[in-house]
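Below is one structure, written out as structure tokens; comments come after it.
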Amino acid sequence: MPPSSLPETAYVLDLSSDVTTLTASICDIESVSRGEAALADAIEAALRPFEHLEVVRDGDTVIARTALGRAERIVLAGHIDTVPLAAEPNLPTRRVADQLWGRGTVDMKGGVAVMLRIAAQVREPTRDLTFLFYECEEIEAQFNGLARIGARRPELLAGDFAVLLEPTDGAIEGGCKGTLRVEVVTTGVAAHSARPWNGHNAIHDAHGVLARLVAYEAQTVVVDSLTYHEALQAVGIDGGIAGNVIPDRCTVTVNYRFAPDKDSSQALAHVRQVFDGFECIPGDSADGARPGLHLPAARDFVAALGLPVGPKEGWTDVARFSALGIPAVNFGPGDPNLAHMDDERCPVSQYVDAEAALRRWLA
């Protein structure tokens, strides 16, 4: 990672500034995963003075909560880390016409800025609110702040509905698909490649695995009125130990993206059915999340925002809320196709519109 061009100092966030200015200020506090302390310090310091908020710090995760006795509690969540800077550092941010450029402008410090503005300025929300600013979303799950809080202090995340302000290009994306990786194995007999008749080539047998993938027809599944498109794809192949040895083993790694009507065990059963006759070794997996659009809080959210609703075709941390029994959707500024790109950028109008939409719902 290239050295930061930003000064090493305590940062101050002005929550009275407009959402675009605040987004730029947050982006300019470099916070690559495992290096979020300075930004967490700034967020905590900015929120502590507000008497309507209870503020809790856990590692580099900051939680702020209202306690107004409302009938419902809503969780607004966003991660404060980013992927590393570009080779030509894309910080500090810069404003070019109607767009803000720089690391984090899409993924996902615009959403964080919206959350901070709502936390500071909506003092009498229609529902009690929990704001979760968490660390380490962009790296291994063992470091994820949301996962840690959910496992150790789940009472801090209790709620009836959650909104994860990941970039959605300003639309609403309900729930998310699950993901499963499986190694499909073929076995043979090793031999000298000059005398292949003495062995059996496991790589050649992999054509049977690939043929089933080519012939596979992925399902579309309707869950809570949203249509999720499943996918089963080869994402890797490995075999052979030397250029003069017939391989006795070949592994095709497949990735199954499955609708949130099933869990990982059901997904694995489906993959094993597809590759019946082959050894299937399960790898990492993560369940998806149902969007819960039939619930009152979700219905009110969709009605108040007046925006199109579609499925989240990937996997996001809404699944962690689902595991806690909290339905969740994705909604935030920024085109997800530009996330992690060196030329990451977002129209400033999306920051303004996202804040206005949440105010319509909560204020």
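Taking the conditions (1) closer than 18 Å to Phe321 by Cα; (2) in a loop (DSSP other than H, G, I, E, B); (3) without any contact (Cβ under 8 Å) to a residue 24 or more places away in the chain in turn, Glu137 satisfies each one other than (3). Of the residues making up the stretch 141-166, those that are assigned to a loop (DSSP other than H, G, I, E, B) and over 12 Å from the mean Cα position of the chain (by Cα) are Arg153, Ala158, Gly159, Asp160. Does His229 satisfy being closer than 30 Å to Gly174 by Cα and in contact (Cβ under 8 Å) with a residue 40 or more places away in the chain? Judged against the criteria, His229 is a match. Going by the conditions given, is Ala64 surrounded by 15 or more Cβ atoms within 10 Å (Cβ to Cβ), within 27 Å of Asp300 (Cα to Cα) and under 22 Å from the mean Cα position of the chain (by Cα)? Taking the combined requirement at face value, the residue satisfies it. When Asp169 is tested against (1) part of a loop (DSSP other than H, G, I, E, B); (2) within 14 Å of the chain's Cα centre (by Cα); (3) surrounded by fewer than 18 Cβ atoms within 10 Å (Cβ to Cβ), just one condition goes unmet, and that condition is (2). Based on what the data block shows, is Ile43 in a loop (DSSP other than H, G, I, E, B) and surrounded by 21 or more Cβ atoms within 10 Å (Cβ to Cβ)? Judged against the criteria, Ile43 is not a match.
This table checks each residue for (1) touching a His at 6+ places or on another chain (Cβ under 7 Å); (2) more than 21 Å from Tyr134 (Cβ to Cβ); (3) assigned by TED's automatic domain parsing to the domain that holds Glu137; (4) of a type in the set (Phe, Trp, Tyr).
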position: Val12; (1), (2), (3), (4): no, yes, no, no
position: Leu53; (1), (2), (3), (4): no, no, yes, no
position: Val56; (1), (2), (3), (4): no, no, yes, no
position: Ile63; (1), (2), (3), (4): no, no, yes, no
position: Ala77; (1), (2), (3), (4): no, no, yes, no
position: Ile80; (1), (2), (3), (4): no, no, yes, no
position: Ala87; (1), (2), (3), (4): no, yes, yes, no
position: Arg94; (1), (2), (3), (4): no, yes, yes, no
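Just one of (1) more than 27 Å from Ala151 (Cβ to Cβ); (2) buried (at least 17 other Cβ atoms within 10 Å of the Cβ) fails for Asp276. It is (2). Checked against (1) crowded, with 18+ Cβ neighbours inside 10 Å; (2) part of a helix (DSSP H, G or I); (3) under 30 Å from the mean Cα position of the chain (by Cα), Ala206 passes all but a single condition, namely (3). Taken together, Ile118, Ile80, Ile63 contain a single residue that is free of Cβ contacts under 8 Å to residues at least 60 places away in the same chain, among the β-branched types (Val, Ile, Thr) and closer than 27 Å to Asp353 by Cβ, which is Ile80. Considering only the stretch 55-65, I want to know if a residue exists there that is at pLDDT 95 or above and under 18 Å from Tyr351 (Cβ atoms). For the stretch 55-65, residues at pLDDT 95 or above and under 18 Å from Tyr351 (Cβ atoms): absent. Residues that are of a type in the set (Gly, Ala, Ser), surrounded by fewer than 17 Cβ atoms within 10 Å (Cβ to Cβ) and in contact (Cβ under 8 Å) with a residue 12 or more places away in the chain within the stretch 8-32 comprise Ala10, Ser16, listed in sequence order.
The criterion of at least 3 residues that are in contact with a strand residue (DSSP E or B) (Cβ under 6 Å, 6 or more places away or on another chain) and more than 30 Å from Gly102 (Cα to Cα) is met, among strands (runs of 3 or more DSSP E) falling completely within the stretch 277-363, by 279-286. Here the stretch 25-50 is the region considered, the condition is being within 19 Å of the chain's Cα centre (by Cα) and among the charged types (D, E, K, R), and the residue that is nearest to Trp101 (Cα to Cα) is Glu36. Only one of the listed residues (Ala147, Ala151) is aliphatic (A, V, I, L, M) and free of Cβ contacts under 8 Å to residues at least 40 places away in the same chain. That residue is Ala151.
Within the stretch 304-322, is even one residue charged (D, E, K, R) and touching an Asp or Glu at 6+ places or on another chain (Cβ under 6 Å)? Yes - at least one qualifying residue is present in the stretch 304-322. Among residues belonging to the stretch 182-201 that are touching an Asp or Glu at 6+ places or on another chain (Cβ under 6 Å) and either in the same structural domain as Leu53 (by TED's automatic domain parsing) or in a loop (DSSP other than H, G, I, E, B) (or both), point out the one that is nearest to Phe258 (Cα to Cα). Step by step, filter the stretch 182-201, then rank; the result is Gly188.
The values are calculated or read from the model by the stated rules, or taken from the named source; none is laboratory data. These numbers were taken from a predicted model, which means no experiment stands behind them. All Cβ positions, even for glycine, are placed from backbone atoms using ideal geometry, and neighbour counts span all protein chains on display.
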